[in-house]
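**Q** Take a look at the following structure, please.
The values are calculated or read from the model by the stated rules, or taken from the named source; none is laboratory data. Because the structure is a prediction, the values reported are computed rather than measured. Cβ coordinates were reconstructed from backbone atoms using ideal geometry, including for glycine residues, and neighbour counts include every protein chain displayed. Surface accessibility is based on the protein's heavy atoms, side chains included, excluding ligands, DNA and RNA. Shrake-Rupley method; radii C 1.70, N 1.55, O 1.52, S 1.80 Å.
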Amino acid sequence: MNKMNNVMEVSNLRKQYKNFLLDDISFSVPNGFVCGFIGESGAGKTTTLKLILGMAMKDGGSIRLFGRPADEASLKEDIGVLFEQPYYQEDWRPVDIEKAMSPFYKKWSSTAFHQYLERFSLDPKQKYKTMSRGMKMKLGMAVILAHDAKLLLLDEPTSGLDPVGREEILEIFRDYMVEEDRTIFFSTHITSDLEKIADYITYIKEGKIRYSGLKDEWVDQYCFVRGGAGDLPPSKRKQILGLREHSGGFDGMIEIKDIAGFPASVITEKVSLDDIVIRMSKEVERG
């Protein structure tokens, strides 16, 4: 991937907590695309986002945004941040939030903010504490879009929403990406959302990056195999991810490059992104 076209570069990032290690992770996010950041709860997604944003101190490595060190204050103008639960005063209304937020951004547009409130059917004078989870996320999106951020860093933006609410958020993402030089990096455990919108995937497991690249290339690397009793050659056993054996036979996921060597009776099928994550979550580290 051409470094000049990367809006974010994470190199050998390390963070040690008492019971968790973010283990020298490296990945990049190309400019102009939607990148999904996936992994099980506790894998290191939120820790990584907090390190990128300077909300936690790293123990090693480097983070660059727009080709510059991530801790440069001027970069905040071009970054929109939204965590799973936006942090606003409970009694604030959208008009109060605008008063509090607008001084921090040179490019804040009150016109754009109120257009988004109208589009999202949000009452400018409704108190934050009375809003539903979906309304709170839309309000958070209105705030980060009102200052024309070029990079959105989002932590579980569709979590806890019903299918209609999730689709509304994804539609906001699609509209945002219509303009050039805009990038979204968002963590999620809802792989169906990524199937719909993500171009790139970064997959983290137990503090280590397992894959970072094009979503379709990752999905195309694997297939399902299933066969009857006696159809699993011993030499293939270690190559199967998430192997399940039962009285009638076996099933699992395997890299397509390793597919040779099975009996003709074994069936192969395409996998989805969801399949990959589920099977890999069950996979024990091989020594």
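**Q** Considering the options THR158, LEU22, THR46, tell which one lies farthest towards the positive end of the dipole of the chain, charges being +1 on Lys and Arg and -1 on Asp and Glu at the Cβ, about the Cα centre.
**A** The Cα lying farthest towards the positive end belongs to LEU22.
**Q** Now for a different question. Binning at 5 angstrom from zero up to the longest distance, how are the C-alpha pair distances of region 65-134 distributed in percent?
**A** Histogram of Cα-Cα distances, whole percents per bin: 3, 13, 21, 24, 18, 10, 7, 3, 0.
**Q** I would also like to ask the following. Report Rg (one decimal) and Dmax (nearest whole number) for region 1-54, counting Cα atoms only, units Å.
**A** Every Cα atom of region 1-54 included, Rg and Dmax give 12.1, 37 Å.
**Q** Mind listing the Cα extents of region 60-192 along all three principal axes, in Å, largest one first?
**A** 41, 37, 31
**Q** Show which lysines lie in cross-link reach of LYS282 when reach means a straight Cα distance below 16 angstrom and same-chain residues fewer than eight apart are skipped.
**A** LYS205, LYS208, LYS238
**Q** Shifting gears a bit: Put +1 on the Cβ of every Lys and Arg and -1 on every Asp and Glu Cβ in the chain; which of GLY60, MET141, ILE97 then has its Cα farthest towards the positive end of the dipole?
**A** GLY60
**Q** So which GluC sites (Glu not before Pro) in region 80-129 end up in coil per DSSP with only 11 or fewer other C-beta atoms within 10 Å?
**A** Those satisfying the criteria are GLU90.
**Q** Please list 3J(HN,Hα) in residue order for region 201-212, calculated via the Karplus relation 6.51 cos²θ - 1.76 cosθ + 1.60 where θ = phi - 60°; whole Hz, with x for glycine and proline.
**A** 10, 10, 10, 10, 9, 6, x, 10, 7, 9, 7, 8
**Q** Continuing with this model, one more query. Convert each backbone phi in region 65-78 into a coupling constant with the Karplus relation 6.51 cos²θ - 1.76 cosθ + 1.60 (shift: θ = phi - 60°), then list the ³J(HN,Hα) values in order as whole Hz, x for Gly and Pro.
**A** Computed from phi, the couplings for region 65-78 are 10, 6, x, 10, x, 5, 8, 5, 4, 5, 5, 4, 4, 9 Hz.
**Q** Expressed as a rounded percentage, what relative contact order does region 1-144 have, with Cα pairs under 8 Å and six or more residues apart?
**A** Worked out over region 1-144, it gives 21 percent.
**Q** Region 32-90: percent of C-alpha pairs farther apart than 15 Å?
**A** So the portion of pairs separated by more than 15 Å is 60 percent.
**Q** What part of the accessible area of the chain, given as a whole %, is carbon or sulfur when the probe is 1.4 angstrom?
**A** Here it works out to 50 percent.
**Q** Could you compute Rg(Cα) / (2.2 N^0.38 Å) for region 152-227, with N its residue count?
**A** 1.24
**Q** Heavy-atom accessible area per residue, the chain, 1.4 Å probe: how many Å²?
**A** Result: 50 Å² of accessible area for each residue.
**Q** Follow-up. Taking the Cα centre of the chain as origin, work out the dipole magnitude from +1 charges on Lys and Arg Cβ and -1 charges on Asp and Glu Cβ, in debye rounded to 20.
**A** Result for the chain is approximately 640 debye, rounded to the nearest 20.
**Q** If you consider only alpha-carbon coordinates, what radius of gyration and Dmax does region 237-287 have, in Å?
**A** 11.3, 31
**Q** While we're on this one: Check which residues have an amide H placed less than 5 Å from VAL34's amide H, if you skip close sequence neighbours.
**A** So VAL34 has HN proximity to ILE184, ASP199, TYR200.
**Q** How big is the charge dipole of region 165-242 about its Cα centre, in debye rounded to the nearest 20, if each Lys and Arg gets +1 on its Cβ and each Asp and Glu gets -1 on its Cβ?
**A** 860
**Q** How big is the Cα convex hull of region 157-199 in projection, averaged over all directions, in nm²?
**A** Over all viewing directions, region 157-199 projects a mean Cα-hull area of 3.0 nm².
**Q** Restricting everything to alpha-carbon atoms, can you work out Rg to Rh for region 165-287 with a Kirkwood hydrodynamic radius?
**A** For region 165-287, the value is 1.06.
**Q** Here's something else I'd like to know. What 222 nm value per residue comes from the helices of the chain, counting each DSSP H run with n ≥ 4 as -39,500 (n - 2.57) and dividing by all residues, nearest 500 deg cm²/dmol?
**A** -7500 deg cm²/dmol
**Q** With a ≥ b ≥ c taken as the square roots of the eigenvalues of the C-alpha gyration tensor of the chain, please select rounded if a/c is under 1.5 and otherwise prolate if a/b is larger than b/c or oblate if it is not?
**A** Cα axes put the chain in the prolate bin.
**Q** Going from most exposed to least, what order do VAL95, VAL81, VAL7 have by accessible area with a 1.4 Å probe?
**A** Ranked list, largest accessible area first: VAL81, VAL95, VAL7.
**Q** For the chain, what's the relative contact order in percent, using C-alpha pairs closer than 8 Å and at least 6 residues apart?
**A** That works out to 21 percent.
**Q** For region 1-115, what ratio Rg/Rh do Cα atoms give with a Kirkwood hydrodynamic radius?
**A** 1.01
**Q** State to the nearest 20 debye the size of the charge dipole of region 50-169 about its Cα centre, where the only charges are +1 on K and R beta carbons and -1 on D and E beta carbons.
**A** Computed about the Cα centre, the dipole is about 180 debye.
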